[in-house]
1. Which residues' amide hydrogens lie under 5 Å from the amide hydrogen of Asp48, considering only partners 5 or more residues apart or on another chain, with H built in the peptide plane?
2. Just to check I understand the Karplus step: with θ = phi - 60° and J = 6.51 cos²θ - 1.76 cosθ + 1.60, what whole-Hz values come out for region 107-123, glycine and proline as x?
3. So, by mean Cβ neighbours within 10 angstrom, what's the order for 159-169, 46-56, 63-73 with the highest one leading?
4. Which label marks the calculated value of Cα extents along the principal axes in Å, given the options [x] 70, 66, 31; [y] 46, 34, 25; [z] 51, 35, 30?
5. Quick one: which residues, 5 or more positions from Asn99 or on another chain, have an amide H under 5 Å from its amide H? H modelled 1.01 Å from N in the peptide plane, none for Pro or chain starts.
6. Quick one: accessible area per residue over the chain, 1.4 Å probe, rounded to a whole number of Å²?
7. Could you run the Karplus curve 6.51 cos²θ - 1.76 cosθ + 1.60 with θ = phi - 60° over region 45-60 and give me ³J(HN,Hα) per residue in whole Hz, x for Gly and Pro?
8. Taking only DSSP H segments of four or more residues, each worth -39500 (n - 2.57), what value at 222 nm results for the chain once the sum is divided by all its residues, to the nearest 500 deg cm²/dmol?
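The values are calculated or read from the model by the stated rules, or taken from the named source; none is laboratory data. In this text the structure is predicted, and so the values were computed from the model without any measurement. As a convention, Cβ positions derive from the backbone with ideal geometry for all residues, glycine included, and neighbour counts pool all protein chains shown. Keep in mind that these areas ignore ligands, DNA and RNA; they rest on the heavy atoms of the full protein, side chains included. Shrake-Rupley method; radii C 1.70, N 1.55, O 1.52, S 1.80 Å.
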Amino acid sequence: MRVISGTFKGRRLTAVPGHHTRPTADRVKEAIFNLIPDDTYRDGTGLDLFAGTGSLGIEALSRGCRRMIFIDHHPLAIKVIYQNLKALGLSENSEVYRNDARRALKVLAKRGLQFEIIFLDPPYARHNLPVILSLIEEYNLLRPEGVIVVETAKGTALNNKLNQLVLDKHHHYGDTEIRIYVRREALSWE
């Protein structure tokens, strides 16, 4: 596992030991970032929920994202995220929290935060993504024209539209599906 592009291109990242975390394959990570224009998140703030190794958030930082918040509930994942950030000198650009996804979203909302990019790569078997997407919208965590990148197992059913969140792109890579949701403001005649 490595950083694909940007300032830290080619740098290796430490993986979480054991079978609790499934890191995003390098080819899938490259495909994700090819689907999103850099100016979507450049100089912005991102959220890597279900962060695992922190690979997706670190890739965004390497490509110009100004700040990233990493959240995972697994203690080993948190330890590895800290290690990866320290090895790349990205600790100052990052916040790392051990928390449940739903509680974390509530805390972020209380802080009044909004993000240009949000990565959702939960464990495939226990994702509950419709609830997570609803909370992101309810708490107004995504900036207008921001994007949510959702990684799931192939065949996972998700709605194409949820109020102001609209599916913009949907691609398959082997056993993985990538969905890009964008926040669109409601049209005046709707």
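1. Ile69, Phe70, Ile71, Phe119
2. Those phi angles translate into 5, 4, 5, 4, 7, x, 7, 9, 10, 7, 9, 10, 9, 10, 10, x, x Hz.
3. Final packing ranking: 46-56, 63-73, 159-169.
4. [z]
5. Here the answer is Asp72, His73, since their amide H atoms fall under 5 Å of that of Asn99.
6. 49
7. 10, x, 10, 10, 8, 6, 5, x, 7, x, 4, 5, x, 5, 4, 5
8. -8000 deg cm²/dmol
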